[in-house]
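To start, the structure itself, in structure tokens.
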Amino acid sequence: MTTIAVAVLLCAPFTAGCWSLLIRSSQQLHLVNLGSMGLLVAAEILLARTVLTQGSVMVFDEMVYIDALSSVILFIIGTVGLACSLYMRSYMDEQVARGTIAPHRLNLFFFLFHMFLLAMVLATVANSLGVQWVAIEATTLATTFLIAFWRRRESLEAGWKYLILCSVGISLALFGVVLMYYSSLRVLGDVNSALNITQLQAIATQLDPHILKLAFVFLFVGYGTKVGLVPMHSWLPDAYTEAPAPVAAMLAGVLETVAVYAILRSRGIVDQAVSPEFSGSLLALFGLVSFAIAALFLLLQHNYKRLLAYSSIEHMGLAMVGFGVGGPIGVFGGLFHLVNHAFAKSLAFFAAGNIHRRYKTVEIGEVQGLASVLPGSALALMVAGLALAALPPFALFASEMQIVTALGTSGFPGGWGAQGVGGSVLLLLLCGLVAFAGFLYRITGMVWGPAPQTVVQGEPWSAGHLSLLFLSLLLAGLGWVLPPPLHQLLETASTLLVGR
Amino acid sequence: MSWLTPRIGAQLVDLGSAMLLLTCFAIVAQRRLSACVDLFALQSAFLAMTATLVAFLTGTRHIYIAAALTVVVKSVVIPHVLRRVIERLNVTRELVMNVNVPASLLICGALVMTAFIITQPIISFGHLLTRNSLAIALAIVLIGFFTMIARQKAVTQLIAFLVMENGLFLGATAATYGMPLIVELGVFFDVLIAALIAGIYTNRLQDAFDSVDTSRLSELKE
């Protein structure tokens, strides 16, 4: 049964992608897309249940390995993916109707979208660190054209930057993978399984700490580029602004999370051979810097898509601080933050897509009176905005508090003494406040105020609103109750990461 | 071949790696784009030769496959694509340099030293045969990385990316006698697709900006 579920997980996006190339009608394209996404979600639920009841899953000659951590990531891929598919129904059709996309290019869009999904699923379930690398580089290749899908000058520029920066970053990660292999081969001697996560975990304590340290630095910088940590983030705001809204939602919500997952996977191995403080301080330092710099850049933005992009850097930085500080609270907080951020950010990008379609501008100053022009999207934007600003009823508040608590109690990894702890907590809170104020100020400015005369008012119900509703309810709900299965999944995943 | 003792074998591998590094410097010093492409093809040929040598000396069969792929993909297919791109775009020289040639060469020299210093603590664990190659591999990766920043033409940046990839492949061969075949194949597939995408992209950039000079890409600002 699990074998079939894993097969569905990998075959559904692949088949749907190839099939999309053959279909001409947009109706059928959406059906294939929704169908494959439904299968994907069903397979994920089944696998998560198996992981919870029977422990980790290993199939296909140990090529696929799924434990609680991969299940959490799969859960994010599935949920955001499904919401995205629903949203694309109205979004893409309108683009075709408006003539922004030629009808015959629609199936190319869906093909690339499915390949993007496939690569992310593969990166999450692969047991081999090498295959994981190949899959993450494949996400870059699949999304380059998706980002530049409008083919405007700006989109081409954003696509080129993304392709070059991410490919180069990822090449550094490959050097890290080579070094991992180098160290494990000396212990294992078996060529074919020496890169397997399961094997590496089993022999991690025997691996050479010098090599692992060097390997982790390369892996961290490489995958960190993909996460968008400062200073490797310069591709990110451009790509998120230029990409079509559903693609931006997937990039911000899911791809970043998958890249974080790749870092966490390697870290789980490195930490057993080297003191966890080494990787912890690296993560926490880059996380804190990303958080602080992104918070400052949030204040400068005039473009609401860039605003959301910098908010992504900020939240990823915060999650990194959580993982870096470690301990049960820090890691749990970090993982929970990843989940919440994925939902809030995709919701925000969906709303931004609706706003862009109506106002035809990305300037914050030119968007006013959303509440009367697009009431549904305005509500969604408010929900996402309040959640991203980490206001109490929403779950991001809980996860942020967990991360700050962890930092306050365990202190900065590597030990900077009591002053260091106080200082870093203070810095975190201060930057959090700056981000909170800047972010909310901009969003409330867009929602209220008089609507411009030129913009048509009113928002007819469409399939896309279903995903807005779904994500809003999910975000609000997670703030009140964490469903026991999800809680257990997160709990198990964080015990895996905390290790000893 | 009784004369091919491990010691001579190791020296030959060192020689091959050194040739790779030398072509790196030549690429950094070169202004003519077509010559850069030729040098890259040559470097890939050296890489394939070094890998074949390692395969022969150690009896690791699957490196032969990777070496053959290197020749086909990196010495023939990708250079061919790049030459056509250059022909179509009608750009022959790299004119925009963020760092001029003499300074670039000095920096690359420093990068080589850095690579040797970084790998010093772990080199002694390596196989006798390929001990120095790991440091050279890292040096090539770093030089590729630097070239990417220092040059502005899309074609040169692409070559720099491919040079990095060559360094990585040398590293994998040197450190561990090649990665598992499935990973190796995956990496080749990715590199090939990346090169093709970048090839298509340079065309689009030319159409949209009338230039493949990436410094013109400045529409997106804070």
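The values are calculated or read from the model by the stated rules, or taken from the named source; none is laboratory data. Every value quoted in this text rests on a predicted model; they were computed, and no experiment measured them. Neighbour counts are summed over all protein chains in view; Cβ atoms, including those assigned to glycine, are modelled from backbone coordinates with ideal geometry.
Could you list, in sequence order, the residues of the stretch A:227-263 that are touching a strand residue (DSSP E or B) at 6+ places or on another chain (Cβ under 9 Å) and surrounded by 24 or more Cβ atoms within 10 Å (Cβ to Cβ)?
The answer is A:P237, and nothing else.
Going through the stretch B:77-104 one residue at a time, which ones are over 20 Å from the mean Cα position of the chain (by Cα) and of a type in the set (D, E)?
B:E87
Does B:A135 fit the bill of being within 9 Å of another protein chain (Cβ to nearest Cβ) and either of a type in the set (A, V, I, L, M, F, W, C) or surrounded by fewer than 24 Cβ atoms within 10 Å (Cβ to Cβ) (or both)?
Details: within 9 Å of another protein chain (Cβ to nearest Cβ): no; either of a type in the set (A, V, I, L, M, F, W, C) or surrounded by fewer than 24 Cβ atoms within 10 Å (Cβ to Cβ) (or both): yes.
No.
For the stretch A:178-199, name all the residues that are at the interface with chain B (Cβ under 8 Å from one of its Cβ atoms), among the aliphatic types (A, V, I, L, M) and part of a helix (DSSP H, G or I).
A:V178, A:L179, A:L185
Taking the condition at negative phi and either touching a strand residue (DSSP E or B) at 6+ places or on another chain (Cβ under 8 Å) or at the interface with chain A (Cβ under 10 Å from one of its Cβ atoms) (or both), does B:I140 pass?
Taking the combined requirement at face value, the residue does not satisfy it.
For B:V163, indicate whether it is without any contact (Cβ under 8 Å) to a residue 40 or more places away in the chain and either facing another protein chain (nearest Cβ under 9 Å) or part of a helix (DSSP H, G or I) (or both). Let's see the steps before the verdict.
On the way: without any contact (Cβ under 8 Å) to a residue 40 or more places away in the chain: no; either facing another protein chain (nearest Cβ under 9 Å) or part of a helix (DSSP H, G or I) (or both): yes.
Judged against the criteria, B:V163 is not a match.
Can you tell which of A:T205, A:T225 is more than 13 Å from A:A309 (Cβ to Cβ), in contact (Cβ under 8 Å) with a residue 12 or more places away in the chain and within 13 Å of chain B (Cβ to nearest Cβ)?
On the way: A:T205 fails: within 13 Å of chain B (Cβ to nearest Cβ).
The unique qualifying residue is A:T225.
Exactly one of (1) buried (at least 17 other Cβ atoms within 10 Å of the Cβ); (2) farther than 20 Å from A:A123 by Cβ is unmet by A:A42. Its number?
The number of the failed condition is (1).
Would you mention how many residues in the stretch A:106-157 are within 23 Å of B:Q206 (Cβ to Cβ) and without any contact (Cβ under 8 Å) to a residue 24 or more places away in the chain?
Filtering the stretch A:106-157 for residues within 23 Å of B:Q206 (Cβ to Cβ) gives A:108, A:112, A:140-141, A:143-157.
The next check asks that each one be without any contact (Cβ under 8 Å) to a residue 24 or more places away in the chain; those that pass are A:141, A:144, A:151, A:153, A:156.
Of the residues in the stretch A:106-157, 5 are within 23 Å of B:Q206 (Cβ to Cβ) and without any contact (Cβ under 8 Å) to a residue 24 or more places away in the chain.
Helices (runs of 4 or more DSSP H) wholly in the stretch A:394-500 with at least 2 residues that are without any contact (Cβ under 8 Å) to a residue 60 or more places away in the chain and closer than 30 Å to A:N354 by Cβ - which ones?
Values: elements: A:395-410, A:417-447, A:463-480, A:484-498.
Answer list for the stretch A:394-500: A:417-447, A:463-480.
Looking at the stretch B:114-132, can you tell me whether even one residue there is in contact (Cβ under 8 Å) with a residue 60 or more places away in the chain, farther than 15 Å from B:T23 by Cα, hydroxyl-bearing (S, T, Y) and within 13 Å of chain A (Cβ to nearest Cβ)?
Yes, the stretch B:114-132 contains at least one residue that is in contact (Cβ under 8 Å) with a residue 60 or more places away in the chain, farther than 15 Å from B:T23 by Cα, hydroxyl-bearing (S, T, Y) and within 13 Å of chain A (Cβ to nearest Cβ).
Among helices (runs of 4 or more DSSP H) lying entirely in the stretch B:1-71, which contain 3 or more residues that are within 12 Å of the chain's Cα centre (by Cα) and surrounded by 23 or more Cβ atoms within 10 Å (Cβ to Cβ)? Before the answer, list the steps.
On the way: elements: B:6-29, B:33-58, B:62-69.
Passing ranges, in order: B:6-29, B:33-58.
Find the residue count for the stretch B:188-213, including only residues that are more than 22 Å from B:T70 (Cα to Cα) and either in a helix (DSSP H, G or I) or not polar (S, T, N, Q) (or both).
Keep residues of the stretch B:188-213 that are more than 22 Å from B:T70 (Cα to Cα), which gives B:201-213.
Okay, now just the ones that are also either in a helix (DSSP H, G or I) or not polar (S, T, N, Q) (or both), so B:201-210, B:212-213.
Within the stretch B:188-213, residues that are more than 22 Å from B:T70 (Cα to Cα) and either in a helix (DSSP H, G or I) or not polar (S, T, N, Q) (or both) number 12.
Taking the condition at pLDDT below 85 and either touching a Pro at 6+ places or on another chain (Cβ under 6 Å) or within 8 Å of chain A (Cβ to nearest Cβ) (or both), does B:L205 pass? If you could, list the steps in order and put the result at the bottom.
Details: at pLDDT below 85: yes; either touching a Pro at 6+ places or on another chain (Cβ under 6 Å) or within 8 Å of chain A (Cβ to nearest Cβ) (or both): yes.
Considered against the rule, which asks whether it is at pLDDT below 85 and either touching a Pro at 6+ places or on another chain (Cβ under 6 Å) or within 8 Å of chain A (Cβ to nearest Cβ) (or both), B:L205 comes out as yes.
So which residues in the stretch A:384-399 are within 17 Å of the chain's Cα centre (by Cα) and under 19 Å from A:L428 (Cβ atoms), if there are any at all?
A:A387, A:L388, A:A395, A:L396, A:S399
Only residues in the stretch A:56-78 that are hydrophobic (A, V, I, L, M, F, W, C) count as the first member; pair them with residues that are in a loop (DSSP other than H, G, I, E, B), Cβ under 8 angstrom, at least 6 apart or cross-chain, and list the lot.
What qualifies is A:V57/A:D67; A:M58/A:N127; A:M63/A:N127; A:V64/A:N127; A:I66/A:S56; A:A68/A:S56.
What number of residues in the stretch A:131-150 are within 7 Å of chain B (Cβ to nearest Cβ) and out of contact with any strand residue (DSSP E or B) (no Cβ under 9 Å at 6 or more places or on another chain)?
Of all residues in the stretch A:131-150, those within 7 Å of chain B (Cβ to nearest Cβ) come to A:131, A:134, A:137-138, A:141, A:144.
Retained after the next criterion (residues that are out of contact with any strand residue (DSSP E or B) (no Cβ under 9 Å at 6 or more places or on another chain)): A:131, A:137-138, A:141, A:144.
The number of residues fulfilling the criteria is 5.
Within the stretch B:147-159, take every residue that is touching a residue at least 60 places away in the same chain (Cβ under 8 Å) and within 11 Å of chain A (Cβ to nearest Cβ) and give me the one that is farthest from A:S171 (Cα to Cα).
Result: B:A154.
When you scan the stretch A:324-364, how many residues do you find that are aromatic (F, W, Y), within 16 Å of the chain's Cα centre (by Cα) and under 30 Å from A:S424 (Cβ atoms)?
First pass over the stretch A:324-364, keeping only residues aromatic (F, W, Y): A:332, A:336, A:343, A:349-350, A:359.
Keeping just the survivors that are within 16 Å of the chain's Cα centre (by Cα) gives A:336, A:343, A:349-350.
Adding the requirement that they be under 30 Å from A:S424 (Cβ atoms) leaves A:336, A:343.
Of the residues in that region, 2 qualify.
Go through the stretch A:443-465 and count every residue that is closer than 30 Å to A:L34 by Cβ and among the β-branched types (V, I, T).
Final tally of qualifying residues: 1.
Could you please find all residues in the stretch A:9-38 being surrounded by 19 or more Cβ atoms within 10 Å (Cβ to Cβ) and closer than 25 Å to A:M63 by Cβ?
A:L9, A:A12, A:P13, A:A16, A:G17, A:W19, A:S36, A:M37
Is it true that some residue in the stretch B:177-187 is at pLDDT 80 or above, within 10 Å of chain A (Cβ to nearest Cβ), under 16 Å from the mean Cα position of the chain (by Cα) and part of a helix (DSSP H, G or I)?
Step one: of the stretch B:177-187, the residues at pLDDT 80 or above are B:179-187.
From what's left, within 10 Å of chain A (Cβ to nearest Cβ): B:179-187.
In the following step, the residues that additionally are under 16 Å from the mean Cα position of the chain (by Cα) were identified as B:184, B:187.
Next, only the ones that are part of a helix (DSSP H, G or I) stay: B:184, B:187.
The answer is yes, given that some residue of the stretch B:177-187 is at pLDDT 80 or above, within 10 Å of chain A (Cβ to nearest Cβ), under 16 Å from the mean Cα position of the chain (by Cα) and part of a helix (DSSP H, G or I).
Looking at the stretch A:271-286, which of its residues are buried (at least 22 other Cβ atoms within 10 Å of the Cβ) and within 23 Å of the chain's Cα centre (by Cα)? Let's see the steps before the verdict.
Quick first cut of the stretch A:271-286, residues buried (at least 22 other Cβ atoms within 10 Å of the Cβ) only: A:271, A:279-280, A:282-284, A:286.
Hits for the stretch A:271-286 are A:S279, A:G280, A:L282, A:L283, A:A284, A:F286.
When you look at A:R306, is it in contact with a helix residue (DSSP H, G or I) (Cβ under 6 Å, 6 or more places away or on another chain), surrounded by 24 or more Cβ atoms within 10 Å (Cβ to Cβ) and among the charged types (D, E, K, R), yes or no?
Details: in contact with a helix residue (DSSP H, G or I) (Cβ under 6 Å, 6 or more places away or on another chain): yes; surrounded by 24 or more Cβ atoms within 10 Å (Cβ to Cβ): no; among the charged types (D, E, K, R): yes.
In short, no.
Please find, among B:A115, B:A103, the residue that is out of contact with any helix residue (DSSP H, G or I) (no Cβ under 8 Å at 6 or more places or on another chain) and over 20 Å from B:M49 (Cα atoms).
After ruling out the rest, the residue left standing is B:A103.
Six or more apart or on different chains, Cβ atoms under 7 Å: show the pairs whose first residue is in the stretch B:191-207 and free of Cβ contacts under 8 Å to residues at least 12 places away in the same chain and whose second is hydroxyl-bearing (S, T, Y).
B:I197/A:T144
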